[in-house]
1. Starting from the Cα-Cα distance between Arg10 and Leu223, subtract it from 0.36 nm times their residue separation and give me the gain in nm to one decimal.
2. Of Ile119, Ile78, Ile136, which has the most accessible area with a 1.4 Å probe, and how do the rest follow in descending order?
3. With each label point set 7 Å from Cα along the Cα-Cβ vector, what nm distance links Asp186 and Ile131?
4. If you take the Cα Rg of the chain and divide it by 2.2 N^0.38 Å, with N the number of residues, what do you get?
5. Pop out the carbon and sulfur fraction of the accessible area of the chain as a percent, whole number, probe 1.4 Å.
6. For segment 108-197, give the magnitude of the charge dipole about the Cα centre (Cβ charges: +1 Lys/Arg, -1 Asp/Glu; no others), in debye to the nearest 20.
7. Among residues other than Thr160 whose Cβ falls under 13 Å from its Cβ, what is the net charge (Lys/Arg +1, Asp/Glu -1)?
8. Helix-only mean residue ellipticity at 222 nm, the chain, DSSP H runs n ≥ 4 weighted -39,500 (n - 2.57), per residue, nearest 500. What is it?
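The values are calculated or read from the model by the stated rules, or taken from the named source; none is laboratory data. All values reported here derive from a predicted model rather than from experimental measurement. Heads up, the Cβs are rebuilt from the backbone with ideal geometry, glycines too, and the neighbour counts pull from every protein chain shown. Note: accessible area is taken over every heavy atom of the protein model, side chains too, but ligands, DNA and RNA are not part of it. Shrake-Rupley method; radii C 1.70, N 1.55, O 1.52, S 1.80 Å.
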Amino acid sequence: MSDPVVLLERRDDGVAVVTLNNGKVNALSGAVVSALHEIADQLTADPPGAVVVTGGEKIFAAGADISEFGGPDEARPITDAIHGALDAIAAVPRFVIAAVSGYALGGGCELAIACDYRIASERAVFGQPEILLGTIPGGGGTQRLARLVGPSRAKELCLTGRQVKADEALRIGLADEVVPGDELHDRAFALAAECARGAVLSQALAKQVIDSGLSSTLTDGLLAERDAFVESFRTNDSQIGVQSFLEHGPGKAEFTGT
Ligand code: COA
């Protein structure tokens, strides 16, 4: 039997690692997209402490599988499937970190920006090159990229297909950190493990209201935050965190994830 096209490892430290494993260029074929969706659903139904999404060393992911493209009739299920999968990744109720080495192009870039945070190796390259095929991003690129880097830069990148190296990605907010290639996974796993030891239910609440607030008015976002703030006090970790602060000072709480 051949290897799964997407691997899921649940580590003892609470970190789940999702690794694209689809041959040389990690094209996001229909099979990869469907596996990603299934894994995202599993991570939502039974959440780990935090998630790292990664790909190959030279190619994080080369985007949709171009050999599956056809006309508008083929385009609809392709865009529906990738939107479904990337929305499911974005909705995993834990901190989801993309660890990007090499090319993250098209759907690869869209996968990275559906994650909550991007750590890029110095050799990472991001881009939405669909325009060079005469088409446009169909996996959230026009929307999530514009929210990250602003509409003008998103238009420049989507309308020219220009690729962005790690240092520029950091400068424009497409990457959140850049590290030497051999430190990429250690850094991503360390950050994920730190979150996994934290008050994960309240992390989920913070993530949810930040994300929902981006597509609502400030007034509605602030109302959602008030409800989520109250909700956070229903967690055991809020009791543990407050008690620990009062007894031992900041940063010493040992959370239970409940
Ligand atoms: N879908 C399907 N096949 C792809 C692919 C994709 N997104 N990206 C690359 N491939 C195939 C190539 O056609 C080539 O096939 P071949 O070996 O049968 O000739 C093989 O993968 C290797 O690609 P190649 O371009 O020779 O490798 P490279 O290391 O020089 O460059 C990339 C790698 C990722 C930079 C380059 O392939 C690329 O730009 N890919 C397209 C990215 C893109 O447009 N994505 C958006 C899709 S909507």
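1. Working: separation 213, 0.36 × 213 = 76.68 nm, distance 3.53 nm.
Taking Arg10 through Leu223 to full extension adds about 73.2 nm, to one decimal.
2. Details: Ile119 0, Ile78 50, Ile136 105 Å².
Per-residue accessible area, sorted high to low, gives Ile136, Ile78, Ile119.
3. Label-label distance for Asp186 and Ile131, simple model: 4.0 nm.
4. Values: Rg = 18.8 Å, N = 258, 2.2 N^0.38 = 18.1 Å.
Relative to the 2.2 N^0.38 Å estimate, the chain comes out at 1.03.
5. Details: 7340 of 13220 Å².
Looking at the chain in its full context, I get 56 percent from C and S.
6. Working: 11 positive and 13 negative charges, 76 e Å.
Computed charge dipole of segment 108-197: roughly 360 debye.
7. Working: positive: Arg153, Lys155, Arg162; negative: Glu130, Glu156.
So the surrounding residues net to +1.
8. Numbers: 10 runs with 125 residues, N = 258.
Result for the chain: -15000 deg cm²/dmol, rounded to the nearest 500.
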